[in-house]
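Worksheet: one structure, shown below.
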Amino acid sequence: MVARINYWFDTGNARLKMRSELPVSVDVVVIGGGIAGLSTIYHLLSHGVNAILLDKTDIGYHASGRSNGVVGFPSLLNVAGFDDAFYAVRLNNRLLRNIIKKETLACDFNYTGELQVAIDNSKLPPLKHDSILNLNRDDLSQIVPTQAFSHGVYLPVTNTLNMYQLLYGLCGICELTGQRLFGHVDVLQITKNQKGLMIHTSGKHKPIVCKQAVVCSNNFMYLFESGLNNVLCSVPVSAACTKPMADFPFLHMPIKILDSDIYLSFYNNRIFVDYSGDYDLSKLPLKSYFKQFGGYDFEYFWQGHVYHTPDHYPLVGRIDDNIFINTGHGRSGLSYAILGGKIISDCITNQTTNIKQASLFSPHRF
């Protein structure tokens with residue numbers, strides 16, 4: 001029976017320290033402690049902004065902490081404009097690599113690329129782009145030990161990493177300037193006053209006075225009236241991880257199976273399986289694709305919901321005079337959230353930006 005839900009936190013070699021004494025006032029409050037929230041506060045602190053982050057549980061414990069650790073390309077079935085998505089993911093990955101290098105974060109960052117494959121020809125039409133490689137059945141059979149897929153695409157923009165070590169590393173950098181991260185603090189309401197905003201939280205904490213707030217969690221979209229709740233679509237997702245096993249050589253890079261929306265990746269002698277839906281692991285058609293999947297035991301399993309927009313791009317930008325959002329990433333948090341944090345930080349600090357994705361991700365596009 002699969003009972004454990006969070007591989008990254010169970011195997012992490014350190015614990016994220018939570019704070020409980022909230023400040024009376026700050027310049028910016030970031031709400032939500034996933035990768036979008038941590039990216040946002042990291043970029044704000046880099047510009048010297050007096051900012052804090054609040055999360056209602058342990059920072060990074062939910063969807064971000066249960067991801068497959070792939071900084072990948074969104075499903076080609078969902079991409080609204082391949083060129084825009086490709087350059088957005090590439091810029092996001094460049095920003096992430098720069099952070100990892102600058103801060104010397106030990107998170108097993110690897111350049112892998114990824115395969116997106118299909119059985120049905122209609123699922124993946126040939127793409128013309130200088131940076132990708134279209135593959136037929138014979139090409140694929142040289143890479144993966146199966147004849148199941150009729151064609152596929154190799155995308156070079158994908159990387160893999162240890163998700164926990166990335167989250168923990170970002171937390172450590174953010175805490176260098178003082179107490180910045182506050183866990184187990186539930187935000188109940190955002191109200192306005194003459195000084196800006198008041199963030200009302202659970203418990204006996206007094207409201208926090210701030211100039212601006214950034215909402216980086218879909219769970220807090222109810223805090224303000226924006227009409228965006230009707231834009232976001234809730235989708236059930238599941239994620240699983242096998243017990244340690246012998247090397248699985250064809251998974252040296254992630255593989256996305258478009259026919260069944262299954263994402264496979266490999267880390268530390270384990271196979272990670274990420275898929276849309278809330279059905280049982282036994283119903284996954286993995287063995288029909290790869291006979292090698294017979295008999296493998298899963299140790300971790302998690303089901304939940306993610307939220308995405310109709311065009312599958314996130315919602316990043318200003319929605320009010322002093323309220324911003326970096327959310328709606330769906331299953332592509334690592335693909336866009338670092339870029340989203342940079343866009344928000346540039347806007348709050350009045351930095352001149354030439355990031356064209358700022359308009360691509362604008363919450364006012366709907």
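For the reader, a short list of remarks on this structure follows.
- Pairs from the table (K101/K256; K256/K291; K56/K204) lying more than 23 angstrom apart at Cα are K101/K256.
- The local environment of R365, defined by Cβ-Cβ distances under 15 Å, has a net charge of 0 under the rule Lys, Arg +1 and Asp, Glu -1.
- Rounded to the nearest 20 debye, dipole of segment 66-145 from Cβ charges on Lys, Arg, Asp, Glu: 280
- Loop trypsin sites (Lys or Arg not before Pro), segment 116-157, which have at most 12 other Cβ atoms in a 10 Å radius of their Cβ (DSSP): K128
- Neighbour-limited loop hits for trypsin sites (Lys or Arg not before Pro), segment 158-216 (at most 12 other Cβ within 10 Å; DSSP other than H, G, I, E, B): K195, K204
- Rounded if a/c under 1.5, otherwise prolate or oblate - segment 7-365, Cα gyration tensor axes: prolate
- Gain on full stretching of the segment that runs from D58 to N269 - 0.36 nm per residue minus C-alpha separation: 73.3 nm
- Each of P207, G60, S131 was placed along the dipole of the chain (beta-carbon charges, centred on the mean Cα), and the one lying farthest toward the positive end is P207.
- Counting only DSSP H runs of at least 4 residues, each contributing -39500 (n - 2.57), and dividing by the residue count of the chain, the helix-based mean residue ellipticity at 222 nm comes to -6500 deg cm²/dmol.
- Cα-centred dipole magnitude for the chain, charges only on beta-carbon of K, R (+1) and D, E (-1), debye, nearest 20: 640
- Within segment 7-365, percent of DSSP bridges classed antiparallel, to nearest 5: 75
- The charge dipole of segment 28-107, taken about the Cα centre with unit charges on the Cβ atoms of Lys, Arg (+1) and Asp, Glu (-1), comes to about 200 debye, rounded to the nearest 20.
- Straight-line cross-link partners of K102 among the lysines, defined as a Cα under 21 Å from its Cα and at least 8 positions apart when in the same chain: K342.
- Ranked packing of 158-166, 230-238, 107-115, most packed first, by mean Cβ within 10 Å: 158-166, 107-115, 230-238
- Built amide H within the under 5 Å cut-off of F266, gap 5+: F272
- Comparing L166, V153, L188 along the charge dipole axis of segment 149-221, the residue lying farthest to the positive side is L188, per the Cβ-charge model.
- Efficiency of FRET from Cβ geometry, E175 and K356, R₀ 25 Å, rounded to 0.05: 0.15
- Mean Cβ neighbour count within 10 Å, used as a protection proxy, ranking 281-291, 308-318 highest first: 308-318, 281-291
- Lys/Arg +1, Asp/Glu -1 at C-beta; segment 7-365 dipole; positive extreme among G32, M253, A80: G32
Each reported figure results from applying straightforward, stated rules to the coordinates on display, with no laboratory input. Small disclaimer: the values here were computed from a predicted structure and weren't measured. All Cβ positions, glycine included, derive from the backbone under ideal geometry; neighbour counts span all protein chains shown.
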